[in-house]
């Protein structure tokens, strides 16, 4: 729940003075793909990317309508920007495969930003699976970004300086690791462990997804030495990531809301960590 128990690193990070957003045409001649571009940190990062003069800025989003609305806003400030909205639903593995085929028309991908994600809330909640049969948070936050990256490897390797960025979180520090450890000790599949409805715990699933994403990122650094892999922590930010939260006006609920408002940074400031990683 909001308010704890969070590591001191979260507070140190939240209250550190961030460097300004990178300036200049640092994305010149770059084909940039960003998922989850229509809200929160992704939206603000997309605006900052547009300022950097990319050769092509591609918004891979689940809501094409919201993506087109974003394009309309950005084109007012950047009428000559080459941009494109493409449909991508991380809860549908076949759609990810279709996306990886459709995007080949651009010839290459220089920077892939795996930003899209969900937080189911920190209350007790039901187990929900996707049409592919995977627990929805695990698929959206871990499996699908990983698959997207692997399917786009041929296009990334056509870049002279390929880069993959994952939107992580400092909360991976406090995620329970018992499912991973038990699976490894028993020679079982970690994927199966996270798809086991009997072991599902909704309040910690977001944390666990960010831990798994951190582990995958670190392994990609080792296994893909020809591609720069970065896991970025935007920090606690004022976004709609908590749109599924059940907020109440109980004493504890009010304390949690006040804690969040006191510590969260703006989505625009949080996006600087993404744009700085890209620069």
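Just so it is clear, none of the values below were taken in a lab; they were calculated from the coordinates. What you are looking at is a predicted structure, and each value in this text was computed from that prediction instead of being measured. Methodologically, a virtual Cβ is constructed for each residue, glycine included, from the backbone with ideal geometry; neighbour enumeration extends over all protein chains shown.
As a proxy for reagent exposure, 127, 11 were ordered by neighbouring Cβ count within 10 angstrom, fewest first; the result is 11, 127. In the stretch 8-278, the ratio of gyration radius to Kirkwood radius, Rg to Rh, stands at 0.96 when only Cα atoms are counted. Spin-label model, residue 128 to residue 160: label points 7 Å out along the Cα-to-beta-carbon direction sit 4.5 nm apart. Where only DSSP H runs of four or more residues are counted, the chain gives -12000 deg cm²/dmol as its mean residue ellipticity at 222 nm, each run worth -39500 (n - 2.57). Note on the chain: with a GNM built from Cα contacts shorter than 10 Å, the maximum mean-square fluctuation among 98, 178, 29 falls on 178. Could you give the distance between the Cα centres of the stretch 59-113 and the stretch 136-181, to the whole Å? When both Cα centres are located, 18 Å separates them.
Pull out a ≥ b ≥ c, the square roots of the eigenvalues of the alpha-carbon gyration tensor of the stretch 183-222, then state rounded if a/c is under 1.5, prolate if not and a/b is larger than b/c, and oblate in the remaining case. It is oblate, given that a/c is not under 1.5 and a/b is not larger than b/c. Shown here is the pair-distance distribution of the stretch 29-128: with all Cα-Cα distances grouped in 10 Å bins from zero up to the longest one, the shares run 15, 47, 28, 8, 2 percent. Beta bridges from DSSP with both residues in the stretch 8-278: antiparallel share about 5 percent, rounded to the nearest 5.
Taking other C-beta atoms within 10 Å as the exposure proxy, 8, 15 rank 8, 15 from fewest upward. Averaging the sequence gap over all C-alpha pairs within less than 8 Å and six or more residues apart, then dividing by the number of residues, gives the stretch 8-278 a relative contact order of 23 percent.
Where in the stretch 106-140 does the label zone of residue 151 land, with the point 7 angstrom along Cα→C-beta and an amide N cut-off under 18 Å? Counting backbone N atoms under 18 Å from the label point, the list is 106-118, 130-140. Computed across the stretch 91-164, the Kirkwood radius stands at 13.5 Å (inverse of mean 1/r, all Cα pairs). Largest GNM mean-square fluctuation across 195, 115, 219, computed for the chain with C-alpha springs under 10 Å, falls on 219. By the beta-carbon count within 10 Å of each Cβ, the least crowded to most crowded order of 159, 169, fewest first, is 159, 169. Within the listed set 103, 227, 190, the residue fluctuating most in the Gaussian network model of the chain (springs between alpha-carbon atoms under 10 angstrom) is 190.
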